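S.K.: Take a look at the following structure, please.
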């Protein structure tokens with residue numbers, strides 16, 4: 001008779017924005033492990049024995065990313081058990097509760113934004129599929145947006161092309177967002193950059209504030225569908241959303257005119273969900 005798998009131990013969670021990454025200790029080769037079963041229940045408690053209705057996923061590796069969570073933050077309790085190649089189930093390990101990182105869009109006060117943080121490109125110019133007009137309308141590969149005067153539907157194209165895009169001339173496009181502040185921010189602020197999709201090329205989005213480099217965002221490989229589809233919230237959508245939020249250095253913003261520039265230095269286009277500046281409450 002095949003031995004029963006050992007109890008899974010070492011379950012740990014690494015929370016991030018809209019996701020929780022789980023990992024646990026590997027098991028030996030006696031018996032051979034066919035897969036792990038991961039159970040998840042909303043909240044801070046779980047049934048004493050895992051319920052099949054709570055099965056989140058199966059994994060052949062001692063790791064799983066629970067993605068697609070509400071950016072405002074979600075709390076889940078997880079248990080994991082192993083199944084041998086003979087179909088024998090081990091006992092579930094100790095449950096673990098984790099909460100995903102809440103977005104600054106939920107915890108902060110909006111100072112300025114372009115678009116709605118809703119998983120869609122549809123409020124932006126030329127969405128959802130007229131990308132070919134972007135190089136026609138911006139022959140210098142520069143997009144200018146003046147907060148308080150311009151509107152997303154007429155002045156902020158839903159895609160920012162990059163050097164990997166032949167249709168846009170393989171150029172490094174820049175989007176410049178101009179914001180006027182009545183006073184110098186007294187508290188720290190955060191910049192939120194949400195994307196509905198990227199291309200399979202991934203890439204680098206270089207961000208500067210008032211001419212000072214802030215960071216280079218490493219863009220994940222996406223589904224390359226966001227140039228034709230504008231809603232990642234539709235059930236079954238293959239669009240690959242990504243969320244990027246970063247603190248702005250002290251003194252980066254100033255009284256009067258501020259210019260935030262997004263420079264797609266490497267890779268293919270990004271499909272905007274929204275960008276915003278948020279004051280910490």
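The values are calculated or read from the model by the stated rules, or taken from the named source; none is laboratory data. Predicted model, so just to flag it, every value in this text is computed and none were measured. Cβ coordinates were reconstructed from backbone atoms using ideal geometry, including for glycine residues, and neighbour counts include every protein chain displayed.
S.K.: Would you mind stating whether residue 175 is over 26 Å from residue 281 (Cβ atoms), assigned by TED's automatic domain parsing to the domain that holds residue 241 and part of a strand (DSSP E or B)? So that I can check it myself, show each step before the final result.
M.R.: Working: over 26 Å from residue 281 (Cβ atoms): yes; assigned by TED's automatic domain parsing to the domain that holds residue 241: yes; part of a strand (DSSP E or B): yes.
In short, yes.
S.K.: Checking the condition part of a loop (DSSP other than H, G, I, E, B) and in contact with a strand residue (DSSP E or B) (Cβ under 7 Å, 6 or more places away or on another chain), which residue from 239, 205 passes? Break it down into steps so the answer makes sense when it comes.
M.R.: Values: 205 fails: part of a loop (DSSP other than H, G, I, E, B).
Answer to the check: 239.
S.K.: Determine whether residue 43 is touching a helix residue (DSSP H, G or I) at 6+ places or on another chain (Cβ under 9 Å), at pLDDT 95 or above and within 12 Å of residue 98 (Cα to Cα).
M.R.: No, not satisfied.
S.K.: Additional query: Could you tell me whether region 59-79 includes any residue that is more than 15 Å from residue 13 (Cα to Cα), assigned to a strand (DSSP E or B) and without any contact (Cβ under 8 Å) to a residue 40 or more places away in the chain?
M.R.: So far as region 59-79 goes, yes, one or more of its residues are more than 15 Å from residue 13 (Cα to Cα), assigned to a strand (DSSP E or B) and without any contact (Cβ under 8 Å) to a residue 40 or more places away in the chain.
S.K.: Only one of 68, 73, 10 is under 25 Å from residue 243 (Cα atoms) and modelled with pLDDT of 95 or more. Can you tell me which? Can you show your working first?
M.R.: Working: 68 fails: modelled with pLDDT of 95 or more; 10 fails: under 25 Å from residue 243 (Cα atoms).
Just one listed residue meets the conditions, 73.
S.K.: Another one. With respect to residue 266, is the statement that it is surrounded by fewer than 20 Cβ atoms within 10 Å (Cβ to Cβ), within 19 Å of the chain's Cα centre (by Cα), assigned by TED's automatic domain parsing to the domain that holds residue 130 and under 22 Å from residue 19 (Cβ atoms) true? Before the answer, list the steps.
M.R.: Numbers: surrounded by fewer than 20 Cβ atoms within 10 Å (Cβ to Cβ): yes; within 19 Å of the chain's Cα centre (by Cα): yes; assigned by TED's automatic domain parsing to the domain that holds residue 130: yes; under 22 Å from residue 19 (Cβ atoms): no.
The answer is no for residue 266.
S.K.: For residue 129, only one of the following conditions fails: (1) touching a strand residue (DSSP E or B) at 6+ places or on another chain (Cβ under 9 Å); (2) in the same structural domain as residue 239 (by TED's automatic domain parsing); (3) outside any helix (DSSP H, G or I); (4) surrounded by fewer than 19 Cβ atoms within 10 Å (Cβ to Cβ). What is its number?
M.R.: Evaluating residue 129 over (1) touching a strand residue (DSSP E or B) at 6+ places or on another chain (Cβ under 9 Å); (2) in the same structural domain as residue 239 (by TED's automatic domain parsing); (3) outside any helix (DSSP H, G or I); (4) surrounded by fewer than 19 Cβ atoms within 10 Å (Cβ to Cβ) leaves (1) as the failure.
S.K.: Go through region 10-48 residue by residue and tally those that are assigned to a loop (DSSP other than H, G, I, E, B) and closer than 10 Å to residue 95 by Cα. Before the answer, list the steps.
M.R.: Taking region 10-48 first, the residues assigned to a loop (DSSP other than H, G, I, E, B) are 10-11, 18, 24-32, 43-48.
Checking the rest, the ones that are also closer than 10 Å to residue 95 by Cα come to 11, 44-48.
Residues flagged as assigned to a loop (DSSP other than H, G, I, E, B) and closer than 10 Å to residue 95 by Cα within region 10-48 amount to 6.
S.K.: Within the group 279, 265, 250, which residue is in contact with a strand residue (DSSP E or B) (Cβ under 8 Å, 6 or more places away or on another chain) and either part of a loop (DSSP other than H, G, I, E, B) or at pLDDT below 95 (or both)? Please lay out each step first, then the result.
M.R.: On the way: 265 fails: either part of a loop (DSSP other than H, G, I, E, B) or at pLDDT below 95 (or both); 250 fails: in contact with a strand residue (DSSP E or B) (Cβ under 8 Å, 6 or more places away or on another chain).
Going through 279, 265, 250 in turn, just one is in contact with a strand residue (DSSP E or B) (Cβ under 8 Å, 6 or more places away or on another chain) and either part of a loop (DSSP other than H, G, I, E, B) or at pLDDT below 95 (or both): 279.
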